[in-house]
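The block underneath contains the structure these notes are about, expressed in structure tokens.
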Amino acid sequence: MTFDAMAVYTELRTHFRERVRLNEPLARHCTFGVGGPADVWITLDSRDELMSLVRLCAERHWPLLLVGNGTNTLYADAGMRGIVARIALNNYSIEEQEDGTVLLLAEAGVSWPRLLNELAPQGWGGLEFGPGIPGTLGGGVISNAGAHNGDMAQVLEWIEVLDARSSSEEQYSVPIVRRYQHDELDLSYRHSRFRELRRVQFDAQGYPEVAPRQLIEPAEIIMRLGIRLHREEPQKLRELIEQYKQHRKRTQPPQQSAGSVFKNPPGDYAGRLIEQVGMKGMVHGKAKISERHANFIVNLGSASATDVVALIKEARNRVHEKFGVDLELEVELRGEWGKSGDSAAQSEAQ
């Protein structure tokens, strides 16, 4: 089915006004700062808008990608066909419990920095491990985000999702709201039940291969979370948060990046392995493996997705050849990628 971007844009603009854009550069919407245009871009401000758009796309068979802050996403140089919609739902409330704890009821688009800035002075602890996590709570569930011996699995009680798994280009099915409890989420190191379908495989040459695109991605859209918090001294929280912030400044590069590129393999560190194969500081085009932390690829300015993929391929292949370790990609690839990482990603890292 052909996607008529102009017709879709014209129809959606009657409701979203300036929040819908045509041929929006995705480089503006990810921390890597790379990526071509999305046919149609929308910012969603409410749960009703999100549910209405997903249902409309399912009914009209319009391809839809729902995203957060783009903190661990690499968009293709060719961009993204269809609609890309940012979930900007950012309201939350606190419900006090009889045992002295509270349940934080937060929409998926709430950011970590905002929460920490607002909750720590009130003496609510539980999320202080993540002051350097730039993403949203919804994105944090997908990867079970964590740092400093803490992660989402330790505080998450439940999530609500909009389930559009039955919708495809061949059939229409009304998306429904589901709630999953903690034990149904398969949370482990940088993993959840939602991550398996997003896992990037590699071809025989070491280029990342993107799974076939579905009509609506992700097919289960996280909308709301229940997080257990506890009482803590505000001063102690402020000191911990500042300590963790300083640690990140010392150990992670200041340039544009998407955070850790690879998951740490069992019993080791991806950064150590990449450094051991001599790739620390390696440059391809305008992308570079950070000299501060070898598991970060940074944008030196005007880098392309092709540049980044070339370094990913080279690092993964060298580590496999020397140590026999298959590094798993932590960054998600989105957009119109060729069979070898990108239509232009045939060059080798220099």
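Values as computed for the structure displayed
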| quantity | calculated |
| --- | --- |
| Loop sites in the range 102-203: GluC sites (Glu not before Pro), DSSP, at most 15 other Cβ within 10 Å | GLU169, GLU170 |
| Separation in nanometres of the label points that stand 7 Å from Cα toward Cβ, at ARG292 and ARG272 | 2.2 |
| Taking N as its residue count, the alpha carbon Rg of the range 177-273 over 2.2 N^0.38 Å | 1.46 |
| Virtual spin-label span in nm between LYS249 and THR101, 7 Å along Cα→Cβ | 3.3 |
| The range 114-190 and the range 69-89: distance between their alpha carbon centers, rounded to Å | 19 |
| Calculated over the range 253-334: convex hull of Cα atoms, volume per residue (Å³) | 82 |
| Cα centre as origin, Lys/Arg/Asp/Glu Cβ charges: the chain dipole, Debye | 920 |
| Once the Cα gyration tensor of the range 53-190 is diagonalised, semi-axes √(5λ) in Å | 30, 18, 14 |
| Rg and Dmax of the range 111-252, Cα atoms only, in Å | 17.8, 56 |
| Computed over the range 82-124, Kirkwood Rh from alpha-carbon pairs, angstrom | 12.0 |
| The chain: Lys pairs at Cα distance under 22 angstrom, eight or more positions apart or on different chains | 18 |
| Gap separating the Cα centres of the range 267-291 and the range 298-337, nearest whole Å | 10 |
| Set of the range 99-123 residues, backbone N closer than 16 Å to the point 7 Å along the Cα-Cβ line of VAL177 | 105-109 |
| Cβ-Cβ FRET estimate between GLU11 and ARG165, R0 fixed at 41 Å, reported to 0.05 | 0.95 |
| For the chain, the spread of Cα positions along each principal axis, largest first, Å | 59, 53, 34 |
| Helix-only CD estimate at 222 nm, as mean residue ellipticity for the chain, using -39500 (n - 2.57) per DSSP H run (n ≥ 4) | -7500 deg cm²/dmol |
| Whole-number percent relative contact order across the chain, with pairs defined as alpha carbons under 8 Å at least 6 apart | 19 |
| Cα-based shape type of the range 37-89, given that a ≥ b ≥ c are square roots of the gyration tensor eigenvalues and the cut on a/c is 1.5 | oblate |
| Pairwise Cα inverse-distance average, inverted: Kirkwood Rh of the range 1-124 (Å) | 16.2 |
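Each value in this text was obtained by applying a stated rule to the coordinates, not by laboratory testing. Note that the coordinates shown come from a computational prediction; the quantities given were computed from them, not determined experimentally. Glycine also receives a Cβ, built like all others from the backbone with ideal geometry; neighbour counts cover every protein chain displayed.
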